[in-house]
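These notes are about the structure you will find just below.
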Amino acid sequence: MLSNACKYAIRSVLYLAIHSNESKKIGVKAIAEELETPQPFLAKLLQQLSRDNLVSSTKGPNGGFFLSDMDKQNAIWNVIESIDGTDKFDNCFLGLKKCNGENPCPVHFIVAPFKETILADFRDKTIEKYVTSMQGTRQVITLKDLDKL
């Protein structure tokens, strides 16, 4: 459902929400290494998120990316909009052009509630709430060093 680019962007935003702030900025190289993502690709994604005011950044020797308290109030939906757009969430699961409640595909009524639940969570839950729910759990955004646990 989400592109690899969008998955990388979401993971990087969550990583920044956990590990950065206004006084602790992180360079793209460190983020890419930690999340095991291609650095040049991740740099472009973070620049896009920065242009859309979802991630903050500063240039210079002590520069890097970070999430401000205000950035943490955005939803994952905002990241999805920035990277992938939202058209695919309106599309039929089976790819039919005119599938809806009046002209449903064979799986419409199975998929529709599931899709609405996911969309509501993506739209309503802030990045800060995702981070809070991750604390004290085994939820991960990278598999790096997982075998060492």
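Return yes when LEU42 is under 24 Å from SER23 (Cα atoms), at pLDDT 90 or above, touching a helix residue (DSSP H, G or I) at 6+ places or on another chain (Cβ under 7 Å) and assigned to a loop (DSSP other than H, G, I, E, B) and no when it is not. Full working, then the answer.
Details: under 24 Å from SER23 (Cα atoms): yes; at pLDDT 90 or above: yes; touching a helix residue (DSSP H, G or I) at 6+ places or on another chain (Cβ under 7 Å): yes; assigned to a loop (DSSP other than H, G, I, E, B): no.
For LEU42, the condition - under 24 Å from SER23 (Cα atoms), at pLDDT 90 or above, touching a helix residue (DSSP H, G or I) at 6+ places or on another chain (Cβ under 7 Å) and assigned to a loop (DSSP other than H, G, I, E, B) - is not met.
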- Query: How many residues are under 16 Å from the mean Cα position of the chain (by Cα), surrounded by 13 or more Cβ atoms within 10 Å (Cβ to Cβ) and part of a loop (DSSP other than H, G, I, E, B) when one looks only at the stretch 69-92?
  - Reply: 2
- Kindly check whether there is at least one residue in the stretch 93-116 that is outside any helix (DSSP H, G or I), under 26 Å from LYS29 (Cα atoms) and at pLDDT below 90. no
- Task: Within the stretch 131-147, identify whether any single residue is exposed (fewer than 11 other Cβ atoms within 10 Å of the Cβ), farther than 22 Å from ASP71 by Cβ and modelled with pLDDT of 90 or more, and answer yes or no.
- Result: no
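I'd like to check something: does the stretch 108-120 contain any residue that is under 14 Å from the mean Cα position of the chain (by Cα) and either more than 20 Å from LEU2 (Cβ to Cβ) or not small (Gly, Ala, Ser) (or both)? It would help to see each step written out before you state the result.
Here is the first cut: in the stretch 108-120, the ones under 14 Å from the mean Cα position of the chain (by Cα) are 118-119.
With the extra rule that they be either more than 20 Å from LEU2 (Cβ to Cβ) or not small (Gly, Ala, Ser) (or both), the set shrinks to 118-119.
Checked the stretch 108-120: at least one residue is under 14 Å from the mean Cα position of the chain (by Cα) and either more than 20 Å from LEU2 (Cβ to Cβ) or not small (Gly, Ala, Ser) (or both).
Yes or no, residue by residue, for (1) closer than 23 Å to THR117 by Cβ; (2) without any contact (Cβ under 8 Å) to a residue 40 or more places away in the chain; (3) among the hydrophobic types (A, V, I, L, M, F, W, C):
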{"site": "CYS6", "(1), (2), (3)": "yes, no, yes"}
{"site": "LEU16", "(1), (2), (3)": "no, no, yes"}
{"site": "GLN48", "(1), (2), (3)": "no, yes, no"}
{"site": "THR58", "(1), (2), (3)": "no, yes, no"}
{"site": "ASP71", "(1), (2), (3)": "no, no, no"}
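Only residues that are farther than 19 Å from ALA5 by Cβ and touching a Lys or Arg at 6+ places or on another chain (Cβ under 7 Å): list them for the stretch 18-61, please.
The initial filter retains those residues of the stretch 18-61 that are farther than 19 Å from ALA5 by Cβ, namely 18-27, 30, 56, 58-61.
Within the stretch 18-61, THR58 is the sole residue that qualifies.
The values are calculated or read from the model by the stated rules, or taken from the named source; none is laboratory data. None of the values given here were measured: they were computed from a predicted structure. Quick reminder, even Gly has a Cβ in these numbers, built from the backbone with ideal geometry, and neighbours come from all protein chains shown.
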